[in-house]
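Asker: This is the structure I want to talk about, given as structure tokens.
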Ligand SMILES: [Zn+2]
Ligand SMILES: [Zn+2]
């Protein structure tokens, strides 16, 4: 097949606005540092944490993801120029989890991750790793389908984080490789027509959290971080990531959430001031009843959307008490009952049971 269509190139206005130091719409993951830095952050967060063992295992998993991403075969099929162009014109993600034909290379990445973790994993985890190493391709594809479509029914929750880890490596590789092959050929990924759509423009997944970044002349810009492919896309601040409304946004942090009625005025004021400066907050929307965490790199430069989301589950529990639903999707810790067939964004689990 000859690809005659051309990938969307930036307009002169877009080039000019870039040159003027305006906020880039996309921020791409870095192959050499993404998972290695996440592993470091997880190890740091694990120290003295109530979920320390879980976070330490997640650190090992992130390091295994790092290695798998470095070794990922560059021969896997990518969308061609015509497909990228078509997706861009329609405002659809070209690597949609719903219809992108997955290459079995992701299964090889899963086996590499499991083999790498096996020697140091605790006994119960070893059994899960052995199960995955022995599993057939059909079973793995079936589990991947459930994970990516948000179907909890029939999903094996013990192996889900490992399958998710391999799928993250695969999708991150796809995004990076599409980028690499189009260097100098314009932006291969289109910006969605509906800027308020709450899903990733590259793969259609939900964000795990949002993160503020200051670079060059753009200060404190907010990006949504994809829970699957690790792409970040710009979203103005004080706007709900679920419904796009900016009318009823509020922020909660562990300090505000713990505000007790019987605190004296000084202590309440002190907590409220700390809450406004918290590195991790929940951005809540009363219009649609959803929330998404926001992490501030100017308050803590080492925050990582996936790692810090896992370590701040207490905030989810407190926000859930007010009846709000999570918009963020963290594939490493699915929320919801295994057999209720609901979306895994629902109610957070009890960390004591994790
Ligand atoms: Zn994505
Ligand atoms: Zn909303």
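Please treat every number below as a calculation from the coordinates, not as lab data. Just so you know, these numbers come straight off a predicted model, no measurement behind them. Counting neighbours? That spans all protein chains shown, and the Cβs are built from the backbone with ideal geometry, glycine included.
Asker: Taking 0.36 nm per intervening residue step and subtracting the Cα-Cα distance, what contour gain separates residue 26 from residue 44 on full extension?
Answerer: Roughly 3.7 nm would be gained on extension.
Asker: Quote to one decimal, in nm, the extra length available between residue 108 and residue 191 on full extension: 0.36 nm per residue of separation minus the C-alpha distance between them.
Answerer: Full extension from residue 108 to residue 191 adds 26.7 nm.
Asker: How much FRET efficiency would the formula 1/(1 + (r/R0)^6) give for residue 297 and residue 249, where r is the Cβ-Cβ distance and R0 is 22 Å, rounded to 0.05?
Answerer: 0.65
Asker: How many nm is it between the label spots at residue 286 and residue 99, if each spot is 7 Å from the Cα in line with the beta carbon?
Answerer: Distance between label points: 4.1 nm.
Asker: While we're here: In region 278-322, whose amide N lies under 16 Å from the spot 7 Å out along Cα-to-Cβ of residue 272? List them in ranges.
Answerer: Answer for region 278-322: 278.
Asker: Mind ordering 22-28, 153-159, 224-230 by average Cβ neighbours within 10 Å, highest first?
Answerer: 224-230, 22-28, 153-159
Asker: For region 30-181, what are Rg and Dmax over the alpha carbons, in angstrom?
Answerer: Looking at region 30-181, its Cα Rg and Dmax stand at 16.3, 51 Å.
Asker: Defining a contact as two alpha carbons under 8 Å apart and six or more residues distant in sequence, what relative contact order in percent does region 30-181 show?
Answerer: RCO, region 30-181: 26 percent.
Asker: Please give the FRET efficiency for residue 183 paired with residue 219, using the beta carbon to beta carbon distance and R0 = 35 Å, rounded to the nearest 0.05.
Answerer: With R0 = 35 Å, the Cβ-Cβ based efficiency is 0.80.
Asker: Grab the beta carbon distance between residue 151 and residue 264, set R0 = 56 Å, and tell me the FRET efficiency rounded to 0.05.
Answerer: So the FRET efficiency works out to roughly 0.70.
Asker: Please list 106-114, 128-136 highest first by mean number of surrounding beta-carbon atoms within 10 Å per residue.
Answerer: Output ranking for 106-114, 128-136: 106-114, 128-136.
Asker: Moving on. Order the peptides 265-276, 64-75 from the highest to the lowest mean number of other Cβ atoms within 10 Å of their residues.
Answerer: 64-75, 265-276
Asker: For region 247-327, count the residues as N, evaluate 2.2 N^0.38 Å, and divide the Cα radius of gyration by that value, please.
Answerer: Rg over 2.2 N^0.38 Å, computed on Cα atoms: 1.10.
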